[in-house]
Protein chains: 2
Amino acid sequence: MSPPSKAAKDTPPRETPFAVIKAACSNCNLRELCLPLGLSDDEMMRLDSLISVRKRVKRGDSLYRVGQAFEYIYAIRAGFFKTDVLLEDGRDQVTGFQMAGELLGLDGICTERHTCNAVALEDSEVCHIPFFRLESLSREIQTLQRHFHKIMSREIVRDHGVMTLLGMMCVEERIAAFLLNLSQRFTARGFSPAEFNLRMTREEIGSYLGLKLETVSRAFSRFQEEGLIAVQQRHIRILDIPGLKQIMAKRNH
Amino acid sequence: MSPPSKAAKDTPPRETPFAVIKAACSNCNLRELCLPLGLSDDEMMRLDSLISVRKRVKRGDSLYRVGQAFEYIYAIRAGFFKTDVLLEDGRDQVTGFQMAGELLGLDGICTERHTCNAVALEDSEVCHIPFFRLESLSREIQTLQRHFHKIMSREIVRDHGVMTLLGMMCVEERIAAFLLNLSQRFTARGFSPAEFNLRMTREEIGSYLGLKLETVSRAFSRFQEEGLIAVQQRHIRILDIPGLKQIMAKRNH
DNA sequence: GTAATGGGTTGACTCAGGTCAAATGACAGT
DNA sequence: ACTGTCATTTGACCTGAGTCAACCCATTAC
């Protein structure tokens with residue numbers, strides 16, 4: 001189908017290609033970001049044993065859809081996703097962008113059906129973690145339980161951040177916050193804080209930030225004029241991180 | 001201090017006053033909404049034994065504040081709260097309104113510090129649940145573990161709903177969604193779906209919905225003119241629930 | 001009673017971001 | 001290279017919600 005390491009073609013490859021080696025938490029270079037954080041070797045092997053399925057998801061394909069029965073939590077091993085919810089009338093809201101080391105599917109726990117769609121924005125690879133077996137295991141491994149709770153809580157806190165952004169920030173602040181957030185997450189994964197490729201369209205960024213695509217485009221252009229960033233299509237170079245931070249700090253009114 | 005049952009004065013009192021009877025999950029009329037859902041009598045007693053502290057929080061007082069060390073999850077036994085986050089510049093975003101049977105404090109798990117403020121909007125009473133002991137117990141009681149995970153997941157899903165609201169709904173839709181949500185939650189607690197008192201100011205509603213207080217006020221007035229609701233200060237009567245639902249259904253553009 | 005205070009309402013005006021439209025650029029398929 | 005498609009940019013204009021200001025209404029303090 002698709003060439004194994006195609007997904008990583010436009011991201012600075014600091015690690016060896018993942019597709020050739022046997023996938024397992026214990027030799028996964030994301031283990032410090034992902035679910036197994038803090039586990040002993042033995043515990044990690046027990047977690048490993050849960051993860052029977054690792055699957056590629058091609059760009060544009062859904063990992064899961066609204067209404068689908070909930071069974072797995074998914075750990076992104078490589079790639080990039082968005083989650084969105086659709087209103088009956090066709091409008092849709094992107095609720096998040098997820099990258100390697102992050103979990104998908106937590107929304108499905110409460111009703112045992114997924115409540116949003118998860119779509120790959122580039123060819124990706126995910127570990128399928130059977131949720132009910134994860135619960136069992138986390139009854140036995142305290143560290144795992146604690147970390148899982150932290151991940152869920154972190155998601156809640158992240159969501160509060162998005163509410164803040166949507167509820168009271170102006171265009172410039174939203175875009176600055178968005179870029180800084182991406183920068184920081186890329187950094188945590190060993191990539192450059194200042195230079196990366198956006199995986200999503202202007203429209204998807206707009207949907208996430210509560211803006212129209214034209215507004216996003218204009219904000220990028222303005223930031224470029226002001227020397228804060230250099231944009232060319234999806235390639236972004238952040239030239240002035242403090243400058244972006246300042247946009248959020250100064251109360252404009 | 002404050003008279004025991006003052007908090008419930010403007011809510012239809014379908015149950016006996018709570019303050020006189022010994023507070024415990026097993027005789028709490030909220031147990032079907034709250035954490036102990038689905039537990040056996042024995043299990044419920046074990047949960048009970050964790051909850052050493054039940055405290056009143058007076059209207060306007062904080063249950064916890066940003067930065068405070070995280071120790072407890074709080075179950076609201078009676079009353080009404082808001083949670084909000086403040087930006088350095090003084091702006092603040094209300095991230096939620098919580099009522100009896102709901103949990104507060106989940107935001108604190110990830111960093112072991114609270115990341116928002118929880119403020120009582122009326123005299124309230126909360127059960128303090130030591131989180132780390134709750135984790136221990138939920139390693140022993142599968143039902144409890146499962147239900148706790150569902151509650152956290154539900155919070156994530158709720159947050160996605162708010163994002164949708166903030167990201168792509170117009171004023172009328174936001175207000176209609178807000179009223180319908182309150183109505184539905186009051187109903188679940190045995191109160192009238194159509195008539196209730198708002199516990200929060202127009203400004204707090206506005207902050208939650210990403211609107212200015214004047215905009216909220218105008219929307220209420222418009223709904224009243226259209227015969228959808230009757231508002232008098234904080235007293236709301238919903239006259240046309242299907243009408244409100246339709247506002248959200250019809251795509252206005 | 002009167003005054004003070006803090007919500008809440010309403011009107012007139014403004015402007016940030018949306019809408020509509022046209023042009024350009026990137027890229028895949030042939 | 002040629003074509004079609006889809007993403008992006010940019011300009012001109014419009015409008016929904018914000019701003020500012022005045023006033024009203026309840027409640028509490030005196």
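Structure above, values below:
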item	result
Fewest-first ranking of A:TYR72, B:TYR74, using other Cβ atoms within 10 Å as the exposure measure	A:TYR72, B:TYR74
Cα-based Lys proximity count in segment B:6-154, under 20 Å, for pairs eight or more positions apart or on separate chains	11
Residue mean of other protein chain beta carbons inside 10 Å, A:144-155	5
Exposure proxy ranking, count of Cβ atoms within 10 Å, fewest first, for A:ASP107, A:ASP41, A:ASP48	A:ASP41, A:ASP48, A:ASP107
For A:TYR64, residues with placed amide H under 5 Å, excluding near neighbours	A:ALA118
Aspartates and glutamates with Cα under 15 Å of A:LYS245, excluding same-chain neighbours fewer than 8 positions away	A:GLU172, A:GLU173, A:GLU226, B:GLU88, B:ASP89
Per-residue Cβ neighbour rank within 10 angstrom, fewest leading, A:LYS150, A:LYS82	A:LYS150, A:LYS82
Inter-chain Cβ neighbour average for residues B:132-139, partner chain, 10 Å	3
Amide hydrogen neighbours beyond the local backbone of B:THR95, cut-off 5 Å, H modeled	B:THR83, B:ASP84, B:VAL85
Per-residue ³J(HN,Hα) for segment B:88-98, Karplus 6.51 cos²θ - 1.76 cosθ + 1.60, θ = phi - 60°, Hz, x for Gly and Pro	3, 7, x, 5, 9, 10, 6, 9, x, 10, 10
Phi-based couplings in Hz for segment B:52-59 (Karplus 6.51, -1.76, 1.60; Gly and Pro marked x)	7, 10, 10, 10, 7, 10, 7, 3
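None of the figures in this text is laboratory data; all of them are computed from the coordinates on show. Since we're looking at a predicted model, the values are computed, not measured. Here Cβ is always computed from backbone atoms with ideal geometry, including for glycine, and neighbour counts include all displayed protein chains.
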